[in-house]
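Colleague: Handing you a structure now.
A short reminder: the numbers here are calculations on the coordinates, not readings from a lab. From a predicted model like this one, the values you see are computed outputs, not experimental measurements. With ideal geometry, Cβ positions are generated from the backbone for all residues, glycine too; neighbour counts draw on all protein chains shown.
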Amino acid sequence: MVTRLYQLDQLERCDDIQRIKVITGVRRSGKTILLRQVKDSLRRHGIANNQIHFINFSQLHRRQLIDWCTLTSSISKKLIANKVNYLFFDELDQLDHVLPFLQEMIKHQNVILYITTASQSFLTQLAPLQSQLAVIPVLPLGFAEFCQHHHQPANEHTLYQYLNVGGFPFIQDVRDQLTRESYLDGVFNTVLVSGFAKHGALCNPFLTRQLAILVAGQLGAPINASRAANGLKEIGIPTSSKTLSAYLTLLADTYLFYPCHELDLATKRIKPTNAKYYPVDPSLRNYLTNQKGVLSQTNLEALLFIELVRRGYTVHTNKRFSFIADRHQQRTYIQFSYSIRNQHEYDKAIASLRSLPTNCQKHLIVLRATDILSQDPAVPMTLLTDWLIEDQAA
C-alpha cells in the first residue's frame, strides 16, 4: 500500500470551513486506500474509533438497503456529542439524489465528511455546498511515487519502465504482463459499466472502446466529435458526431481521459472544440493501442500534462506553448522539448518564452540536453526526470 503523502498533506491543509472533502479520480486509482490512510492518521492523532464512521455505498447499493431517511437517522444517532465526528462515504456517486442527505449531515456542526467519487459530473450536483467543499484529485501513482515504491533512481530507464507499467497501485508488484492487461481490462470495463449507469442514454460499450482506442492512438492531436466520427467511419464503424460528443464527455467524466483545451491568449477565451485528450495513465494508452510505451515526444508530453493535473494545475494548450498552467492565481508557461543538442535548438525552443513579459513564470522542460553555452536566466531549463520528482507543492 503506497502512502499518498501529497494528498494527505492537501487534506490536512484544508480550511476549517471546508468540512466536505471530496476525493475524485478514476476507479482503482487509490481513493479508498487514501480514506483508510486518513482514518489511520486520525487514530494516530488520538481520535477514538466511535468518532469515525465508514460506509461503502457501492456495497449498500448492491444490497438495495438505501433508505435516506433511515440512514440519516441511523448515522445521527451514532454521532458523539461535543466531539468532532468523521464520516467516510466511499463511492457516494453510485447513488442519485444525495444532496439532501449531505445537507442533513452537514447540519451537524461537529461533523467532517470525506467523500470519494469517480465522476466529474457528481461535483456539479454538489454545487450548492461549494463554499464548504475541498476537492482533492487522486490519480494513479506519478513517476515520483513509482520511483519511491520500487526504490529506483529517477532516470530514463526508470521512466521507460513507468511508461510501460503505469501507476495503478494494484499492478505495481505484478510481474506477469497478462495479469496486468487483465487488470486494466477490468478497470476499463468497470468504468464503462458505472458510466453507463450514470448516463442512461449511453449504453454501447463497443463504440466507447473504439472511440477510446482512436483517441489513445492520436495522442496529442486535437480531437473533436466530427473528426472522431470520420476516423471511426474509415474503419467501418458508422456513427454521428452528436453521438460521439456524448461518448467523449463520458470518457472525460469518468476520468479515463483528461481534455486539454486551447486557450486563445489574445481574447483570453477557451476554445470549446478541438481539445487534446490525454489518458489518465500511460498504461491505459498501452492497453488500448496494444503498443509498448516509448520515450517519445507525444508520450512524454502526455506524462507532463497529467503530472500538472496531479499537482492541481488547470492546464490549457496553445499554438505557441506546450502548456499554460494556472494554480493559486499564478500562470506558468511551459515549453517541452525532447532534446536540446546545441545553442541553436535551445534558442529556438525558448523563442516564444522569451517574447513574454519579464514578470511571467516560464519554464523549459527537456528529456535530454547537452551543455548550452548561453542560457537565459529568465527561462530555467529542467530535465524532465528531475521535474517529475520535484516537490509537488513547489
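Colleague: Using the Kirkwood radius built from alpha carbon pairs, what does the Stokes-Einstein equation give as D for the stretch 309-360 at 10 °C and 1.306 mPa s, in µm² per second?
Modeller: Numbers: Rh = 12.2 Å.
Once the numbers are plugged in, D ends up at 131 µm²/s.
Colleague: Now, a different point. Relative to 2.2 N^0.38 Å, what does the C-alpha radius of gyration of the stretch 176-293 come to as a ratio? Two decimals please. Kindly include the intermediate steps, with their values, before the conclusion.
Modeller: On the way: Rg = 14.6 Å, N = 118, 2.2 N^0.38 = 13.5 Å.
In units of the 2.2 N^0.38 Å rule of thumb, it is 1.09.
Colleague: Could you check the simple spin-label distance between residue 273 and residue 149, using points 7 Å along Cα→Cβ, in nm with one decimal?
Modeller: Label-label distance for residue 273 and residue 149, simple model: 4.0 nm.
Colleague: Let me ask another. Which of these, 356, 34, 79, has the largest mean-square fluctuation under a Gaussian network model of the chain (Cα springs below 10 Å)?
Modeller: 356
Colleague: Go through the stretch 124-141 residue by residue and turn each phi into a ³J(HN,Hα) via Karplus (6.51, -1.76, 1.60, θ = phi - 60°); whole Hz please, and just put x for glycine and proline.
Modeller: Karplus-based 3J(HN,Hα) across the stretch 124-141 equals 5, 4, 8, 3, x, 9, 4, 5, 10, 9, 10, 9, 10, x, 10, 10, x, 3 Hz.
Colleague: Taking neighbour counts of Cβ atoms within 10 Å as a proxy for exposure, in what order, fewest first, do 112, 372, 365 appear?
Modeller: On the way: 112 19, 372 15, 365 23.
If I rank by nearby Cβ atoms, fewest first, I get 372, 112, 365.
Colleague: Sort 188, 101, 54 by Cβ crowding within 10 Å, fewest neighbours at the top. Let's see the in-between values first.
Modeller: Working: 188 21, 101 18, 54 14.
In increasing order of surrounding Cβ atoms, one gets 54, 101, 188.
Colleague: Working from the alpha-carbon coordinates of the chain, get Rg over Rh, Rh being the Kirkwood radius. Numbers along the way, then the final one.
Modeller: Values: Rg = 22.3 Å, Rh = 22.7 Å.
My calculation of the ratio gives 0.98.
Colleague: For residue 136, list long-range residues whose amide hydrogen, built 1.01 Å from N in the peptide plane, is under 5 Å from its own amide hydrogen.
Modeller: Under 5 Å from the amide H of residue 136: 22, 23, 24.
Colleague: Which Cα, out of 193, 235, 225, lies furthest along the positive dipole direction of the stretch 176-293 (beta carbon charges, K/R +1, D/E -1)?
Modeller: Value: 225.
Colleague: Extending each Cα 7 Å along its Cβ direction at residue 330 and residue 76, get the distance between those two points in nm, one decimal.
Modeller: Rounded to a tenth, the inter-label distance reads 4.5 nm.
Colleague: Next question, about the same structure. Multiply the residue gap between residue 343 and residue 131 by 0.36 nm, knock off their C-alpha separation, and tell me the result in nm, one decimal place. Intermediate values should be presented prior to the final figure.
Modeller: Working: separation 212, 0.36 × 212 = 76.32 nm, distance 5.01 nm.
In short, 71.3 nm is gained.
Colleague: With the dipole of the chain worked out from charges on the C-beta (+1 for Lys and Arg, -1 for Asp and Glu) around the Cα centre, which of 133, 172, 378 lies farthest toward the positive end?
Modeller: 133
Colleague: Taking amide H positions as placed in the peptide plane 1.01 Å from N, state which residues far from residue 362 in sequence (5 or more) or on other chains have amide H under 5 Å from it.
Modeller: 333
Colleague: Something else: May I ask you to evaluate 6.51 cos²θ - 1.76 cosθ + 1.60, the Karplus curve with θ = phi - 60°, for each residue of the stretch 320-330 and list the ³J(HN,Hα) values in order in whole Hz, giving x for glycine and proline?
Modeller: 8, 10, 5, 8, 10, 10, 10, 7, 6, 6, 10
Colleague: Across the stretch 258-263, in residue order, what do the Karplus-derived ³J(HN,Hα) couplings come to in whole Hz, using 6.51 cos²θ - 1.76 cosθ + 1.60 with θ = phi - 60° and x for Gly and Pro?
Modeller: Running phi through 6.51 cos²θ - 1.76 cosθ + 1.60 with θ = phi - 60° gives 10, x, 10, 7, 7, 9 Hz.
Colleague: Let me ask something else about it. Could you work out Rg/(2.2 N^0.38 Å) for the stretch 5-137, with Rg from alpha carbons only? Don't skip to the answer; put the middle values down first.
Modeller: Details: Rg = 13.9 Å, N = 133, 2.2 N^0.38 = 14.1 Å.
This ratio for the stretch 5-137 stands at 0.99.
Colleague: How far, in nm, would the chain grow between residue 234 and residue 181 when pulled straight, counting 0.36 nm per residue and subtracting the alpha carbon separation?
Modeller: Details: separation 53, 0.36 × 53 = 19.08 nm, distance 2.73 nm.
Full-extension gain reported as 16.4 nm.
Colleague: Moving on to the next point. Considering amide H positions built from the backbone, and no H for Pro or chain starts, which residues 5 or more places from residue 317, or on another chain, come under 5 Å of its amide H?
Modeller: Placed amide hydrogens put 261, 262, 263, 324 under 5 Å from residue 317.
Colleague: OK, next. Please give the helix 156-165 orientation as an angle from the longest Cα principal axis of the chain, in degrees from 0 to 90, rounded to the nearest 10.
Modeller: Taking Cα atoms only, the helix is inclined about 50 degrees.
Colleague: Among 15, 93, which comes first, second and so on when ranked by fewest other beta-carbon atoms within 10 Å?
Modeller: Numbers: 15 8, 93 24.
In order of increasing Cβ crowding within 10 Å: 15, 93.
Colleague: How large is the charge dipole for the chain, taken about the Cα centre, if only the Cβ atoms of Lys, Arg (+1) and Asp, Glu (-1) carry charge, to the nearest 20 debye? Please list the in-between numbers first.
Modeller: Values: 41 positive and 32 negative charges, 132 e Å.
Here the size comes out at about 640 debye.
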